[in-house]
Structure formats: structure tokens, C-alpha cells
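**Student:** Have a look at this one.
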Amino acid sequence: MAFTPRVFSGTQPSGDLHLGNYLGAIKRYVEMQKTHECIYCVVDMHAITVWQEPADLRRATREVAAAYVAAGVDPKKNIVFNQSRVHQHAELAWVFNCVARMGWMSRMTQFKDKAGKNTEHVSLGLFAYPALMAADILLYKATHVPVGEDQKQHLELTRDIAAKFNNDFGPSIREQGLDADYFPITEPVIAGPATRVMSLRDGTKKMSKSDPSEQSRILLMDDADTISKKLKRATTDPEPLPSEEKGLEGRLEADNLVGIYAALADTTKAEVLRQYGGQGWGAFKPALADLAVARLAPIAAETRRLVADPASIDAFMADGAARASETAERTMSEVRRIVGFIR
Ligand code: AQP
């Protein structure tokens, strides 16, 4: 069956948004709304897989929704809402907990990274997180999911869950008169020069909300001075920039900064190197800081303006949730019948 092309993606309100979230995901959200029907979620239920102070969670939920809009997502044309308002996410996630296999979940590298050696003490939710993510996507039968590189494995799991559900429940799906390919096999959209923005302090680690070092990330809400200082202090090697991409091989920090520049300038790394090849960091870092400030300052200003009026954010999220609920309930009522639940 041909599914209507539909985009779903989400960001956790688990801390302050950073440049990785923007370049890997939110910037893509803005681009994809031009060509697709889009659903953008603030995934507050994912956020509580690690402890969140309730007041901080409320603040961050509104701030992420505001940042989507400030970056250019239109909440009238698209659906923008916070996940916990649409209870079908949790309901489908439970069904998927019973479809996904322990072996699949145990291979998730993000769980291993986040749990570290502490697996006895992390929440069960952190382990089950990818099944909830599959539910987020498949509830809307989304065909495309713009994400950063770090989410690739979770998207593969979503595809496995969809295929196993379609297969396990095949006879019941047909009995209900529904198409045998009930859930789509979703495509990840991981593209552009900054799909994995790395820490400014360590080129082997991704830029992350939860990194203990503030200097490791540029926040969407950082002011110009802070952005310049963080970039000036970013770890680099002593060599000048190469003139071709091949010269970035093995130079993780240099590759990261060139990728960030290319993504912010809507160009390619090759083009950035044509312009800056042979120059030192003393020339490149200030140029990158100017570009980052030019791109991020308007988003930060608009986010601040929006969060000053929380009622208006709550209003567009409530409207988005009402529209999302229609599709979510349509899918869930079919899934209940497919699985054999009596209502
Ligand atoms: N460093 C990154 N580079 C590119 N994309 C990134 N994303 C996250 N970090 C980078 C993308 O941002 C979207 C939202 O991410 P999330 O809120 O689900 O959180 P996360 O992937 O777990 O990463 P964070 O933001 O750094 O949070 P913590 O520290 O809690 O792990 C996703 O599309 C993600 O790929």
C-alpha cells in the first residue's frame, strides 16, 4: 500500500536545546514542512526516563515548542504538541513493548551509553524508550523521520517493530479488512553536513544536553558573547584548515567545526574549505562565531518573546494535540481490534 507521505519527529524537553538539536533536527523540521504534512512533538514522556524536576519539565516543554516555532515551524500548517497530551502514545507503546524482543532492546547503544555501568539503577522507561519512540512515529503512520545520526539505530528498531507487528498480526489485520502492510516501514531522514554535531571539548563525543561541561555545547539561547567564547575555546589541532575534505580525515574537531559552518551557511564542507583552506583557527573561529550568532540570535529572541506568553504556547499545543488525537485514535482503535482487545 502507498502511505501518504507524512513526517513525524520529536525533541525531548530534558534540558536546554543545543546546536546539535538545531542542525540535526529542528532545521530539518522547518525545511520538510515545505513539502510534507508534518507532526512535531515535544516528547515530554521520553524526558522523564531520567529524573526531571516538574517545574523544569514544564518550562523546558514550553521552551522547546517555542523554539520550533521561533526557528520557523508553522503550528497552524503543521501539528505541534506535547506527547503526554495524547494518551494513545503510551497505549501503543505498551503493545510495542510486547512486540519488541529483549534482545533487540539490549542492543540499543544509546541505552548502554546513558545507563553506563549503572543498569541496576536506571529506570525501566529508559530501557523501553525506543518502543515508545516507535509508537510516536507509527501512531501517525509517519513515512519519514528527520533525526540526527544518533537516532539511526532507534529508527531501525521502529522498522523492525512495524515489520514484526504486520507479520505477527497478519491474519487479524486481514480479518479486519485492513491492508496487510498495516504500519509503514519508516525512512529516517539523516542528511546534510551536521547530522552528528560533536562536543566542542572532545571530538569523539556528540554534543549533548546532558554533558556536564557547559563549554561542550552551544545553546540556542546563548548570547553572542557566550557563543564567541565557547567557539574560541573549542578544542582544535594546530594545523591550518585543509583545502579539500579528504584533509579532514582523522581531524575530528576540525571536521566538526567545518560541518557546523557548512550547515549554518546552507552549503557543503567542500565549499567551506574552498573559502578557508590554508587559513588558521584564528581566522576561522571568529567567522564561525559571527555566522552562528547571525543564525541563532533571531531564533533566541523569538523564543524569548514566545515563552513570555506561556498561555499562547499552551494554546497552540492544545490545538495540535486535538488534531493529533484524531489520527492517533483512528490508529489505536484499529490496533485494539487487531490485537484482540474487546471495547
Ligand atoms: N549532537 C547532535 N548532532 C545532531 N543531531 C543531534 N540530536 C541530538 N544531539 C545531536 C538530534 O536532536 C533531536 C532531538 O534529540 P533528543 O531531544 O531526543 O535528545 P538526544 O538525541 O538524546 O540528544 P541530546 O539532545 O543531546 O539529549 P541527551 O543529552 O539527553 O542525550 C534528535 O533528532 C537527535 O537525533
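**Student:** Net charge within 14 Å of Lys77 by Cβ-Cβ distance, Lys/Arg positive one each and Asp/Glu negative one each, not counting Lys77 itself? All intermediate terms of the calculation are to be shown ahead of the outcome.
**Tutor:** Numbers: positive: Arg6, Lys34, Lys76, Arg323; negative: Glu31, Glu37, Asp74, Asp319.
Overall, the nearby charge balance is 0.
**Student:** In the Gaussian network model of the chain, springs joining C-alpha atoms below 10 Å, which of Ala300, Ala224, Ala60 carries the largest mean-square fluctuation?
**Tutor:** Per the Cα network of the chain with a 10 Å cutoff, Ala224 tops the list.
**Student:** Can you figure out the FRET efficiency of Asp319 with Arg233, using R₀ = 45 Å and their beta-carbon distance, to the nearest 0.05? Let's see the in-between values first.
**Tutor:** Details: r = 43 Å, r/R0 = 0.95.
So the FRET efficiency works out to roughly 0.60.
**Student:** Taking N as the number of residues in region 1-121, what is its Cα Rg relative to 2.2 N^0.38 Å? Before the final figure, lay out each step's value.
**Tutor:** Values: Rg = 15.9 Å, N = 121, 2.2 N^0.38 = 13.6 Å.
Rg over 2.2 N^0.38 Å, computed on Cα atoms: 1.17.
**Student:** Right, next: What is the angle, in °, between the Cα long axis of helix 281-307 and the longest principal axis of the Cα atoms in the chain? Nearest 10 is fine, range 0 to 90.
**Tutor:** On a 0 to 90 degree scale, this one is about 40.
**Student:** Here is a further query. Report the label-to-label distance for Met105 and Asp74 in nanometres (one decimal), using points 7 Å from each Cα along the Cα→Cβ vector.
**Tutor:** It works out to 4.1 nm between the two label points.
**Student:** Mind jotting down the distance between the C-alpha centroids of region 177-206 and region 3-79, whole Å?
**Tutor:** If you average the Cα positions of each part, the centres end up 14 Å apart.
**Student:** Which of rounded, prolate, oblate describes region 59-162, given a ≥ b ≥ c as roots of the alpha-carbon gyration tensor eigenvalues and a/c under 1.5 marking rounded, otherwise prolate only if a/b is larger than b/c?
**Tutor:** On the way: a/c = 1.85, a/b = 1.51, b/c = 1.22.
Here region 59-162 falls in the prolate category.
**Student:** Given a Förster distance of 45 angstrom, what is the FRET efficiency for Ser172 paired with Glu214, based on the Cβ-Cβ distance and rounded to 0.05? Write down the numbers at each step before the final one.
**Tutor:** On the way: r = 52 Å, r/R0 = 1.15.
E(calc), rounded to 0.05, equals 0.30.
**Student:** I would also like to ask the following. Measure nothing fancy, just the Cα-based angle from helix 124-138's long axis to the longest principal axis of the chain, in degrees from 0 to 90, nearest 10.
**Tutor:** 80
**Student:** For Ala308 paired with Phe341, estimate the spin-label separation in nm (one decimal), with each label point 7 Å from Cα along the Cα-to-Cβ line.
**Tutor:** Going from the Ala308 label point to the Phe341 one covers 4.4 nm.
**Student:** Taking the chain as a Gaussian network, Cα atoms linked when under 10 Å apart, which of Glu214, Glu120, Glu156 shows the biggest mean-square fluctuation?
**Tutor:** Highest fluctuation of the listed residues: Glu120.
**Student:** Measure up Lys27/Lys164; Lys34/Lys205; Lys77/Lys269; Lys112/Lys206; Lys141/Lys205 against 23 Å on the Cα-Cα distance and list the ones that go over. Can you show the working numbers first?
**Tutor:** On the way: Lys27/Lys164 32 Å; Lys34/Lys205 32 Å; Lys77/Lys269 33 Å; Lys112/Lys206 15 Å; Lys141/Lys205 33 Å.
Over 23 Å Cα-Cα: Lys27/Lys164; Lys34/Lys205; Lys77/Lys269; Lys141/Lys205.
**Student:** How fast does region 214-304 diffuse by Stokes-Einstein, in µm²/s, taking the Kirkwood radius from C-alpha pairs at 4 °C and 1.567 mPa s? Walk me through the intermediate numbers first.
**Tutor:** Values: Rh = 13.4 Å.
Answer from the Stokes-Einstein relation: 96 µm²/s.
**Student:** Taking amide H positions as placed 1.01 Å from N in the peptide plane, with prolines and chain starts having none, which residues 5 or more places from Arg6, or on another chain, fall under 5 Å of its amide H?
**Tutor:** Under 5 Å from the amide H of Arg6: Thr143, His144.
**Student:** Right, here's the next one. Just order 136-148, 231-243, 169-181 by mean Cβ neighbour count inside 10 Å, highest at the front, would you?
**Tutor:** Details: 136-148: 23.2, 231-243: 16.0, 169-181: 13.9.
Result, highest mean first: 136-148, 231-243, 169-181.
**Student:** Now for a separate question. I'd like the FRET efficiency for Ala191 and Thr35, computed as 1/(1 + (r/R0)^6) with the beta carbon distance as r and R0 of 22 Å, rounded to 0.05.
**Tutor:** Details: r = 13 Å, r/R0 = 0.61.
That pair, Ala191 with Thr35, gives E of 0.95.
**Student:** Can you give the translational diffusion coefficient of the chain in µm²/s, computed by Stokes-Einstein from the Kirkwood radius over Cα pairs at 4 °C and 1.567 mPa s?
**Tutor:** Working: Rh = 21.1 Å.
In µm²/s, the coefficient is 61.
**Student:** Also, I was wondering about something else. May I ask you to order 318-330, 26-38 by the average number of other C-beta atoms within 10 Å around their residues, highest value first? Before the final figure, lay out each step's value.
**Tutor:** Numbers: 318-330: 16.8, 26-38: 18.6.
Put in order of decreasing packing, that is 26-38, 318-330.
**Student:** Which angle between 0 and 90 degrees, to the nearest 10, do you get for helix 54-71 versus the longest principal axis of the chain when only C-alpha atoms count?
**Tutor:** Tilt relative to the chain: about 70 degrees.
**Student:** Also, quick follow-up: Could you give the nm distance between label points at Glu249 and Gln275, where each point is 7 Å from its Cα heading toward the beta carbon?
**Tutor:** 2.6
**Student:** Also: Which semi-axis lengths, in whole Å and largest first, follow from the square roots of five times the eigenvalues of the Cα gyration tensor of region 191-234? Let's see the in-between values first.
**Tutor:** Working: eigenvalues 58, 32, 21 Å².
Working through the eigenvalues yields semi-axes of 17, 13, 10 Å.
**Student:** Express in whole angstrom the spacing between the alpha-carbon centres of region 103-155 and region 305-324.
**Tutor:** Using only Cα atoms, the two centres lie 27 Å from each other.
**Student:** On to the next question. Show that you can apply the helix-only estimate: for the chain, add -39,500 (n - 2.57) for every DSSP H stretch of four or more residues, divide by all residues, and state [θ] at 222 nm to the nearest 500. Please report the intermediate quantities before stating the final value.
**Tutor:** Working: 14 runs with 175 residues, N = 343.
Dividing the helical sum by the residues of the chain leaves -16000 deg cm²/dmol.
Just so you know, all these numbers are worked out from the coordinates, no wet-lab data involved. Since we're looking at a predicted model, the values are computed, not measured. With ideal geometry, Cβ positions are generated from the backbone for all residues, glycine too; neighbour counts draw on all protein chains shown.
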